[in-house]
Amino acid sequence: MPTVHDWINNPLAVVDGLFAQSNSSPDWEKKVVEYFKEKLKLNDAHTWVPSLNDVPLYYLKPNSLVKFRCMVQDMFDPEFFMGVYETNDLTSNSKQVKCGKYKDITVGGQVDFNSRNTVTSERQTFYCVPIPGESQWAKEISFICQARVVPSTSYVPNRHKRSYEEDDEMDTQPQHSAESHGNTEPKRQETEAPSHDSSSAHCTSSLDLNFPLPGEKGPACLVKVYEDWDGFKLNDMLEVFGILSVDPALSVIADEREASSLLDPTEVTETVEEQRVHSPPPSLVPRLHMLYAQPLVHNNPLLPSNLSSVLGELASVRAELHTYLTHVLMGDSLAAEYLILHLISNVYSRRDVLPLGKFTLNLSGCPHSSPYTEHLYKVIQQLVPSSYRLCMSLHNMNNQRMVPRKDYTANRLVSGTLQLANNTSLFLDETQLEQGQLDATGVRNITALGNLISWQKVDYDFNYHQMEFPCNINVLITSEGRSLLPSDSQVNLRPTLNPPNLEEYLSAVQVAQVPSQFNKYRIYLSGARALNYTISDEITKVRILSKHTLQRWLDESQAARGLENKSNTAAEKSERKRALKYITIYIYFNSYHTCLYFGLKCNVFIWHMTLYSSVFYFILNMWENLLALVKIIFNV
């Protein structure tokens, strides 16, 4: 009997039904997309759809509706397919026009390639991977949210594979036999990503899932996009709803093409390496025909769509978070303030090439001998939805591939450590850096990290040129002394506590926080970053005034003072006064308002005023001295 969930278990029947009703009208494709969009909106129906992130592939029914929370790692060349084709039934000697959309293999008899009804269409292929560095708590909460309703009999984790095959044998579609999962190796589905050593030659291997981060687990997927693919960009986070395709015939076709290319390379336009990358086994890299994709601004499953419901608790939750981080930082209240400002910072705009809103923090004074930085990263990992700890050891700097590069032999983008989704927290552990010499790879990696911190961009290597890809990544640097990398602010850790056993102390601090309290922290940090706010043009001009510009004004003024016949025209006096104005404002804002600026961002107008009041009072008392000094320099 048909059930209410037939559109999940057998979406192709819905597509074929709408196609049959269309009478060759071009509007049927829009009706298909609108149909599934409306179904997913009703009664949280999107939580009924099984997820490729959480459910093993061999538990999912072929040609069923699934979802995939992912990042676009690469974009392949467009491909052509038969959107509409005609088949000949040899037994009844009849012809039938069928829909080829959302399918990899034609079904229903012998295809008449010379038919006038054949319509050739175009689609784009995205290579998508799970969101790099996604925290375990985010995965678990997403799984709990989507596992409330079991939509399909094939989606039962405790069932044996034999019962699944028995269900599959009852499928009316001949190409979906038990063989599609009978030979699937479950452990291959969760293969760890190989390490990104520049010396490795795994880039053309068919078993390489090309994950950006080493040690990542999860499925990769080839997403077939049928419309508006220009609206997607590389490294976008998406939640894709589509039709799952794991037909074993795809592997047979790929093997035949590979054998043909080996026998006669002139017959094919693709190399063997390109065929292996673009046509991997469907049991390892399934195909997902996109019906609908929701762009993800963030991947925090706890954050409600309406932020007004959590605004009232921001101030109290922030105070509790500050207390917690103060304990983690061994009593350093000021460092806890800066760490919160770092965690809620966000690139909200770009003026020319300068990213506005970033706040890279260098936390110096971290002990080298103890595993403190490792425990500190675990704390941050419990607070943010995506993060990665990069140990800046000499071996990692000289051997790890950080910048993605184009492999023209396999015609794909080989991933690197810095190919991350927006809002990822990158934890750079500089305490692991030992004495030694950086080779050419190490220098390139350090340069790439510096560009990421300063300009929030990564220059992808396309061999003959480099292409800039903007990003929005929070970078936290822990070091013993001042970091060799640039930063927006440096805070020297000054602990007031000296626990006899550091590991036990930090573990006790974490255990004291109940899960519900952690959830409040997570909602606060993601919500503060997502809040809308405006900054006046005057403050923006002050903040983009660089130290290089100030130095240039000082140098020009000193050179002018050395001239014997110095001109004092009105234009020059006006220019010096303008420079004086910006220098004094620059000193003023960088002394106090930098911290207040980020505090206002999260709608907390008054926090720790006693801490900064003494600094502000000191600046006011020294104001006349600063003005006198600048006037002497500019000879005003």
Filter result for Val347 (modelled with pLDDT under 95, touching a Gly at 6+ places or on another chain (Cβ under 7 Å) and closer than 30 Å to Asp459 by Cβ): yes
Any strands (runs of 3 or more DSSP E) falling wholly within the range 54-154 and containing at least 1 residues that are surrounded by fewer than 20 Cβ atoms within 10 Å (Cβ to Cβ) and polar (S, T, N, Q): 79-89, 94-99, 119-130
Strands (runs of 3 or more DSSP E) fully within the range 430-519 counting 3 or more residues that are over 27 Å from His375 (Cβ atoms) and of a type in the set (D, E, K, R): 457-461
Residue list for the range 492-532, restricted to those being within 29 Å of the chain's Cα centre (by Cα) and among the basic types (Lys, Arg): Lys520, Arg522, Arg529
Pairs, first under 18 Å from Pro214 (Cα atoms) in the range 113-132, second in a loop (DSSP other than H, G, I, E, B) and open to solvent by less than 10 Å² (accessible area, probe 1.4 Å), C-beta under 6 Å, six or more apart: Val129/Phe211; Val129/Ala220; Ile131/Ala421; Pro132/Pro212; Pro132/Leu213; Pro132/Leu420
Enumeration of residues in the range 354-371 that are out of contact with any helix residue (DSSP H, G or I) (no Cβ under 6 Å at 6 or more places or on another chain) and touching a residue at least 24 places away in the same chain (Cβ under 8 Å): Leu354, Pro355, Leu356, Lys358, Asn362, Leu363, Ser364, Gly365, Pro367, Pro371
Yes/no for Asn398 being touching a residue at least 60 places away in the same chain (Cβ under 8 Å) and of a type in the set (S, T, N, Q): no
Among residues of the range 291-302, those that are more than 17 Å from Asn235 (Cα to Cα) and either aromatic (Phe, Trp, Tyr) or open to solvent by 20 Å² or more (accessible area, probe 1.4 Å) (or both), counted: 3
Test: residue in the range 324-336 that is closer than 27 Å to Pro367 by Cα, crowded, with 18+ Cβ neighbours inside 10 Å and without any contact (Cβ under 8 Å) to a residue 12 or more places away in the chain: yes
Single match in Val310, Val347 (criterion: more than 21 Å from the chain's Cα centre (by Cα) and open to solvent by less than 50 Å² (accessible area, probe 1.4 Å)): Val310
Flag for Asn423 being on the phi > 0 side of the Ramachandran plot, open to solvent by less than 60 Å² (accessible area, probe 1.4 Å) and assigned by the TED database to the domain that holds Val475: yes
Qualifying positions in the range 426-444 - open to solvent by 10 Å² or more (accessible area, probe 1.4 Å) and either among the basic types (Lys, Arg) or under 26 Å from Val129 (Cβ atoms) (or both): Thr441, Arg444
Close pairs (6 angstrom Cβ cut-off, 6 or more residues apart or separate chains): within 14 Å of Leu321 (Cβ to Cβ) in the range 506-517, open to solvent by 60 Å² or more (accessible area, probe 1.4 Å) and at pLDDT 90 or above anywhere: Val509/His327
Test set (1) farther than 30 Å from Ser309 by Cβ; (2) open to solvent by 70 Å² or more (accessible area, probe 1.4 Å) - Ser487 fails condition number: (2)
Answer residue from the range 446-473, given it is open to solvent by 10 Å² or more (accessible area, probe 1.4 Å) and polar (S, T, N, Q) and is farthest from Leu329 (Cα to Cα) among those: Asn463
Given (1) within 29 Å of the chain's Cα centre (by Cα); (2) modelled with pLDDT under 90; (3) of a type outside the set (S, T, N, Q); (4) surrounded by fewer than 16 Cβ atoms within 10 Å (Cβ to Cβ), index of the condition Gly231 fails: (2)
Top-ranked residue in the range 40-53 [being in contact (Cβ under 8 Å) with a residue 24 or more places away in the chain and assigned to a helix (DSSP H, G or I); ranked as surrounded by the most Cβ atoms within 10 Å (Cβ to Cβ)]: Leu40
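The values are calculated or read from the model by the stated rules, or taken from the named source; none is laboratory data. Worth saying up front: this structure is predicted, and the values here are computed from it rather than measured. With ideal geometry, Cβ positions are generated from the backbone for all residues, glycine too; neighbour counts draw on all protein chains shown. Note: areas computed on protein heavy atoms with side chains; ligands, DNA, RNA excluded. Shrake-Rupley method; radii C 1.70, N 1.55, O 1.52, S 1.80 Å.
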